[in-house]
1. Those residues that are crowded, with 22+ Cβ neighbours inside 10 Å and either within 10 Å of ligand 1 (Cβ to nearest atom) or among the hydrophobic types (A, V, I, L, M, F, W, C) (or both), I need them from segment A:334-360; list them, please.
2. Search segment A:107-120 for residues that are farther than 14 Å from A:LYS69 by Cβ and pair each with any residue that is open to solvent by 50 Å² or more (accessible area, probe 1.4 Å) when their beta-carbon atoms are under 6 Å apart and the residues are at least 6 apart or on different chains.
3. Given the conditions (1) assigned to a loop (DSSP other than H, G, I, E, B); (2) open to solvent by 60 Å² or more (accessible area, probe 1.4 Å); (3) modelled with pLDDT of 90 or more, report the number of the one that B:MET1 does not fulfil.
4. Return only the number of the condition from (1) outside any loop (DSSP other than H, G, I, E, B); (2) open to solvent by 80 Å² or more (accessible area, probe 1.4 Å) that B:ILE16 does not satisfy.
5. Right, B:GLU43: in contact (Cβ under 8 Å) with a residue 40 or more places away in the chain, loosely packed, with under 13 Cβ neighbours inside 10 Å and of a type outside the set (A, V, I, L, M) or not?
6. Any chance segment A:492-509 includes a residue that's of a type outside the set (S, T, N, Q), more than 16 Å from ligand 3 (Cβ to nearest atom), within 22 Å of the chain's Cα centre (by Cα) and not assigned by TED's automatic domain parsing to the domain that holds A:SER49?
7. Starting from residues that are in a helix (DSSP H, G or I) and open to solvent by 10 Å² or more (accessible area, probe 1.4 Å), keep the ones in segment A:260-276 and report whichever is nearest to the other protein chains (Cβ to nearest Cβ).
8. Check off (1) at the interface with chain B (Cβ under 10 Å from one of its Cβ atoms); (2) surrounded by fewer than 24 Cβ atoms within 10 Å (Cβ to Cβ); (3) at pLDDT 95 or above for A:CYS318 and give me the number that stays unchecked.
Amino acid sequence: MSLKPMEKTRPDQATAKLENKEALEELRNSLQVMSREKGKRLISLCAGSGCGAYGTAKVHKALIAELAKHGIQDDVEVKLSGCHGFCEKGPILVIHPEGIFYPQVKEDHIPDIVEETIKNGNLVKSLVFKDPASKQKISHEHDVPFYKLQKRIIFGNNGLIDPTSIEDYISVGGYSALEKALFDMTPGDIIDQVKKSGLRGRGGGGFPTGIKWATCARHAGDRYVICNADEGDPGAYMDRSLLEGNPHSVLEGMIIGAIAVGSHEGYVYVRHEYPLAVKNFSFALKNARRLGLLGENILGSGFDYDIHISRGGGAFVCGESTALMASLEGNPGRPRAKYIHTVEKGFRENPSLLNNVETWANVPVIINKGADWFASIGTEGSKGTKIFSLVGKVVNTGLVEVPMGTSLRTIIYDIGGGIPKKKKFKAVQTGGPSGGCIPEQFLDMGVDFDELTQVGSMMGSGGMIVMDQDTCMVDVARYFLDFLKEESCGQCNPCREGIKHMLQVLTDICAGDGKEGDIELLEEIGDMVAKASLCGLGTSAPNPVLTTIRYFRDEYEAHIRDKKCPAGVCKPLFYYEIDAEKCTGCTLCARKCPEQAISGEKKKVHRLDREKCIKCGICYDGCKFDAIVVK
Amino acid sequence: MENIATIDWDEIDRIIEKYDASREALLMIMQDISDMYNYVPPEVIPVLVEKLGVRKSLVYSVATFYKTISLEPRGKYIVNVCTGTACHVRGADKIMDALQDHLHIKEGETTDDLLFTLEAVRCIGCCASGPVITVNQETHGGLDRATAVKTIKGYNENVS
Ligand SMILES: Cc1cc2nc3c(=O)[nH]c(=O)nc-3n(C[C@H](O)[C@H](O)[C@H](O)COP(=O)(O)O)c2cc1C
Ligand code: SF4
Ligand code: SF4
Ligand code: SF4
Ligand code: FES
Ligand code: FES
């Protein structure tokens, strides 16, 4: 089952083209009055991809049917919203105005929710969220620790609006920044504000956005304003959630960018693997054109700008600016040397302004609230907030928006609730395949562009993958190189051959065939690849290897010298054993083992036959008494 | 498979028209065709060459460069196991192992009955729900070996 954007025209959707800014303001006022007058119950059900994977469609169907059954379908509004960020606990359901929060809602919970909460105003106790860290029951969204410590200036509207309704976006103040940019500011003013805000690109490099805009505006030609929604960093999905959940915020940012540099045509380059993002953004374009906010003569200002969507084909390197533009032109996406920058000669050999999804979503906020307000958030060198994708071995996973400079500890422990199953934190990986692994000693570091670079990692697009004692750092390095080997476009030798060579060395180490000198060899090749590659994929490819060597050298040495994988990941380098002191004889492992490798009587210590064991880890993950140990 | 007979040439024309037969839209056109047949039947390549005015070599190089395009027939259901970092640390390998065992094929292969193709994908943006798989356009999250196999069995039943 899939969710279709609601194509039906609601009464409030019959709005005709807005001929001028007064018409937009009038529409906004009437929408706000209407929603106040309605004053009715609103159920916001998350229809983002994460919740969708847990079955939003079924819950939605059950909810609509149940409301109808009670004859209250007209008194309660049901909104299919975008991602609320707490996807792991999906499907998420929030009841407004109180903000009652029900996570992990299933179809069969719906009768209780409608009967108890909607009709009688009581909580359904069994559905109330229990904070895994404090074990406390929390009934309201704003009290959930995961949300409480966030500052959601970019992501906050996601849970409140229906992404397929432009009216929803307008009623929460949407397109007021566009209005300001069109009628109260010159292109120069806009660029100045963006410069003064200190905004840096959220797509990876952290390049100052205002400077990029100013450079693009200086070069003559048919300028293009482009949005990078390729989001290739595995583990990061904030761009997807923004495009799916609040597409108009990205669109409004792009139109403002187009005004600033004088562009009349643009593209959104989005991954084919993100069908819902493509759908919701296409819908947003259609609606913006309908209201005269996109296309010719926007809001009667005389300014024209329109956008096409281009779907990428699942190549990580296409996120790189020159490769992306080659791909837009219908070619294989191979990077070129950047002697001439794309702001001067990019798409179709014309000046092209490329920014990331999240960067664009920051623009309306800056124009609305002013550069000074924006610059008051964050650190000296990194302003505003950043959305991180907090995933991996952490209790609360999801999207987290915090001011730049927030410490890793706050993000992982206070918001993320720490490491599950009382395991030990080992590292956090940031920056995706170009980034690095940060060990415990830096947990109190404030996260911003410069601090991350300082410890050998990168901001990247904001992926934050938490790793615990069961993660092998050599395997992680091998994993990333394997990724990069597949993704290297292969046109330059250092990248193509160097990555292959490093991967071979790492594969040998993980297989127990590591030799003395391998670590030094990796460092040497890494240095060469970083210096001699053409594009950012190659120059940053050694990062995951070099940072793991820097901070976890002992783990490499254990693999090479002792032929041991202390984390119990590299199969040839460890075995499982049952700790006789801890085993209670609960028989769980013996029942679950697919190879019948475990035997023993009830309430007696069990035995594990190493000959039969295939190291699948089922017993290790399952034992509640930590009696299965890695040797 | 007997391809030629089953290609809906009118639909192919409509797709090409939708993009104004633009050379720049080559990848998107191939993706749309792929959405219909789960691969790009080689018979359509001469048509693309003619209508878009591109060289055959470009069509092949675009088709081989982008992973979403296949020139080989693929199964009715394309099962993508996410092996992105977040899913990797949560045991994506085990899901892949289980599905390989269940379907008796390796990653990248298609079952003999042309029902399933098993592929690995690097992140589909549902990282907080990992490990995840997609089957065509549907996403399934929070899986382990058993639930992954059960999910696939569900598609089997759809067919029979
Ligand atoms: C290999 C590689 C992959 C990249 N992938 C992405 C991506 O998926 N999304 C993105 O926004 N930027 C990506 N970038 C960065 C872009 O090249 C570019 O710097 C960015 O889109 C500019 O926008 P920003 O200044 O708003 O960050 C990548 C860079 C490299 C070298
Ligand atoms: S560094 Fe790697 S990805 Fe970049 S152009 Fe060279 S071969 Fe291609
Ligand atoms: S699951 Fe753990 S405690 Fe139970 S029998 Fe196995 S090893 Fe012993
Ligand atoms: S690791 Fe797997 S095969 Fe080995 S004993 Fe445990 S459950 Fe059995
Ligand atoms: S998709 Fe529902 S909270 Fe993220
Ligand atoms: S890493 Fe699997 S969905 Fe992102």
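1. Here is the first cut: in segment A:334-360, the ones crowded, with 22+ Cβ neighbours inside 10 Å are A:335, A:342-343, A:346-347, A:351-360.
A:PRO335, A:THR342, A:VAL343, A:PHE347, A:LEU353, A:LEU354, A:ASN355, A:ASN356, A:VAL357, A:GLU358, A:THR359, A:TRP360, listed by residue number.
2. A:GLU116/A:ASN122
3. (3)
4. All conditions are met except number (2).
5. Here the answer is yes, as B:GLU43 does meet what is asked.
6. Applying the first criterion (of a type outside the set (S, T, N, Q)) to segment A:492-509 yields A:492, A:494-503, A:505-506, A:508-509.
Retained after the next criterion (residues that are more than 16 Å from ligand 3 (Cβ to nearest atom)): A:492, A:494-503, A:505-506, A:508-509.
Adding the requirement that they be within 22 Å of the chain's Cα centre (by Cα) leaves none.
Within segment A:492-509 (the criterion being of a type outside the set (S, T, N, Q), more than 16 Å from ligand 3 (Cβ to nearest atom), within 22 Å of the chain's Cα centre (by Cα) and not assigned by TED's automatic domain parsing to the domain that holds A:SER49), the answer is no, since none of the residues qualifies.
7. A:PRO275
8. (2)
The values are calculated or read from the model by the stated rules, or taken from the named source; none is laboratory data. Everything quoted here is computed from the prediction, not taken from an experiment. Positions of Cβ are backbone-derived with ideal geometry, glycine not excepted, and every protein chain shown enters the neighbour counts. Quick note on the areas: whole protein, heavy atoms, side chains included, nothing else; ligands and nucleic acids left out. Shrake-Rupley method; radii C 1.70, N 1.55, O 1.52, S 1.80 Å.
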